[in-house]
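Heads up, the thing below is written out as structure tokens.
The values are calculated or read from the model by the stated rules, or taken from the named source; none is laboratory data. Here the structure is a predicted model, which is why all the values come from computation and not from measurement. All Cβ positions, even for glycine, are placed from backbone atoms using ideal geometry, and neighbour counts span all protein chains on display.
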Amino acid sequence: MAPFYIAWLPPEVEQHPWWIPVAFLALLIPFFFASVWVERQVVDRFNRWPKSGVAAWSWQANALSYAVLGVVSVGFLSWALLAGWKCGRRTVR
């Protein structure tokens, strides 16, 4: 059932605070594809740029920004686990 809690974390998140950055990482994937699609549709509608250029721009811009978000989230998760966040029943150190 855990994958279904990604967008709506249950009350048990207080016992497992590492779920927050993991959920953030998991949600980056569908949000990336949605962002690429939406931005491509908007630019195609309001500008007369070549479609191949718009597609490449949309993929590259989103890949860069979502990669930064992913690195920040992995860094935060690593820092939190090294700082002693509880992961299950034991403290990770």
Quiz item: Hey, among Leu77, Leu69, which residue is under 16 Å from Trp18 (Cβ atoms) and in contact with a helix residue (DSSP H, G or I) (Cβ under 9 Å, 6 or more places away or on another chain)?
Solution: Leu77
Quiz item: For residues in region 12-66 being without any contact (Cβ under 8 Å) to a residue 12 or more places away in the chain and among the basic types (Lys, Arg), which is surrounded by the most Cβ atoms within 10 Å (Cβ to Cβ)?
Solution: Lys51
Quiz prompt | Subset tally (residues that are more than 25 Å from Leu25 (Cα to Cα) and of a type in the set (A, V, I, L, M, F, W, C)) for region 35-65 | solution = 5
Quiz item: Val22: among the β-branched types (Val, Ile, Thr), assigned to a helix (DSSP H, G or I) and modelled with pLDDT of 90 or more, yes or no?
Solution: no
